[in-house]
Amino acid sequence: MSGLPEKDQNLALVLQLLAPTQQSGNTLWLVDENLPVASLMTVPGAASITAVTNRYDISADLQAKGVTTLLCDFDFSGLGSYQRIVYRISKEKMLVHHCINQAIRQLSDDGELFIIGNKQDGLKSIAKNAAQTYGQKNNTQKLGNSYLASFTRPANLSDEQMLPSNHYGTLRQVQHKEITFQSKPGVFGWEKVDRGSELLTTVLPTIRRYMKSVSSVLDLGCGWGYLMLATRDWDVETRCATDNNIAAVEAARTNFADHGLTVDCVADDCASNIRGRFDLILCNPPFHQGFAVSDTLTEKFLAAASRLSRRSTRAIFVVNQFVPLEKHAEKYFSACRLLLAEDGFRVYELRP
């Protein structure tokens, strides 16, 4: 295993733990964007596995591989007990703590929780803190570039015996500059207004003035809904917002309702199931996938925007200055115009 790339070592280790044995019994698999599960042809022991994920694309992929999958914001209510729980840790620390706390409680008396990650992911310190919190020996092992730690169910569990998760499961009110909104850890830029998104909104009044009509708006990769909220004073017939992250969708729905906006807010893989065309498409595409930087995400969002555009559509994108959006956009749009360059971001107008 030591000859594999780091991300594949983690996946290989997860697959080893998922493979059915006489001792493994029923297995719960906690999955987020940090595992390249789409690259798998099959999942070993799929029939005995229940997966929980907060990503729409992962849910669809695992179900297609025969894995019973629950799409939610890592809500463990209603789940039974498991002899084995496997978790490649997430990027957001409070989410990691939440998942470990809940997983410990879902273990059967003879069950075992396995957590996997790299040193730079914080696995060693997380495992040490979890062992101290639950009164267990720290048994972290180094396997290639991956680290593995395991835990059993403590004899006496209490609400006080938990890793700090900042009440991960609930939305909380955030005040940033002139806007109040609901958000939570795990949502991109959850406790602030992202500077790139903020710059995009500064060009919208000009865009609105020179467009003949804006009857429909799409927020592609909506996060907690900031870009769509910037159109709240516009007379728009149809609003749609979508994100791959269930936590983001739930936060956005709450924020749209709080601001009196009627928005069709859906969980989807980069609008893959959305049909129709939109007059205006707003997008701040992600360039991170979990711990890794992914240049392919920009092209994926451009392709989706192109598919959902009509001839008169304007797609407004904001990206970090190092993302070569012009190069990618040539495949999908006939015109790409730089509107603003500031604070390390670039805002573009794209036309079919």
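The values are calculated or read from the model by the stated rules, or taken from the named source; none is laboratory data. If you're wondering where the values come from, they're calculated on a predicted model, not measured in any experiment. Reconstructed Cβ throughout: ideal geometry from the backbone, glycine too, with neighbour counts over all protein chains shown.
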Q) When segment 290-322 is examined, which residues are found to be at pLDDT below 95 and part of a loop (DSSP other than H, G, I, E, B)? A) GLY290, PHE291, SER294, ASP295, GLN321, PHE322
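State all residues of segment 258-274 that are of a type in the set (Asp, Glu) and not in a loop (DSSP other than H, G, I, E, B); if no residue qualifies, say none. Full working, then the answer.
The initial filter retains those residues of segment 258-274 that are of a type in the set (Asp, Glu), namely 258, 264, 268-269.
Listed by number, the residues that qualify are ASP258, ASP264.
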(Q) I'd like to verify a number: residues in segment 224-257 that are closer than 22 Å to VAL214 by Cα, in a helix (DSSP H, G or I) and within 13 Å of the chain's Cα centre (by Cα), how many? (A) 0
Q. Given (1) among the acidic types (Asp, Glu); (2) touching a strand residue (DSSP E or B) at 6+ places or on another chain (Cβ under 8 Å); (3) more than 13 Å from TYR348 (Cα to Cα), where does GLU299 come up short, assuming only one miss?
A. (2)
Q.
Of everything in segment 297-313, what is surrounded by fewer than 21 Cβ atoms within 10 Å (Cβ to Cβ) and either under 18 Å from the mean Cα position of the chain (by Cα) or of a type in the set (D, E, K, R) (or both)? Give them in sequence order.
A. LEU297, GLU299, LYS300, ARG307, ARG310, ARG311
Q. When you scan segment 109-125, how many residues do you find that are buried (at least 16 other Cβ atoms within 10 Å of the Cβ) and in contact with a strand residue (DSSP E or B) (Cβ under 7 Å, 6 or more places away or on another chain)?
A. 10
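Could you run through segment 262-279 and say how many residues are closer than 23 Å to ILE207 by Cβ and either hydroxyl-bearing (Ser, Thr, Tyr) or touching a helix residue (DSSP H, G or I) at 6+ places or on another chain (Cβ under 7 Å) (or both)? Break it down into steps so the answer makes sense when it comes.
We begin by selecting, within segment 262-279, every residue closer than 23 Å to ILE207 by Cβ; these are 262-265, 270-271, 274, 276-279.
Restricting the remaining residues to those that are either hydroxyl-bearing (Ser, Thr, Tyr) or touching a helix residue (DSSP H, G or I) at 6+ places or on another chain (Cβ under 7 Å) (or both) gives 262-263, 265, 270-271.
Summing the residues that are closer than 23 Å to ILE207 by Cβ and either hydroxyl-bearing (Ser, Thr, Tyr) or touching a helix residue (DSSP H, G or I) at 6+ places or on another chain (Cβ under 7 Å) (or both) in segment 262-279 gives 5.
What residue, of GLY117, GLY122, GLY169, is within 30 Å of ASN255 (Cα to Cα), of a type in the set (Gly, Ala, Ser) and under 27 Å from the mean Cα position of the chain (by Cα)? Walk me through it before giving the result.
Details: GLY117 fails: within 30 Å of ASN255 (Cα to Cα); GLY122 fails: within 30 Å of ASN255 (Cα to Cα).
None of the others qualify; the one that does is GLY169.
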Q: Name the residue, out of THR21, THR50, THR42, that is out of contact with any helix residue (DSSP H, G or I) (no Cβ under 8 Å at 6 or more places or on another chain) and at pLDDT 90 or above.
A: THR50
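Please find, among LEU79, LEU28, LEU35, the residue that is modelled with pLDDT under 95 and over 20 Å from PRO185 (Cα atoms).
Working: LEU28 fails: modelled with pLDDT under 95; LEU35 fails: over 20 Å from PRO185 (Cα atoms).
Within the list LEU79, LEU28, LEU35, the selection yields LEU79.
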Q: Just give me the residues in segment 191-201 being in contact (Cβ under 8 Å) with a residue 40 or more places away in the chain and within 17 Å of the chain's Cα centre (by Cα), in sequence order.
A: ASP194
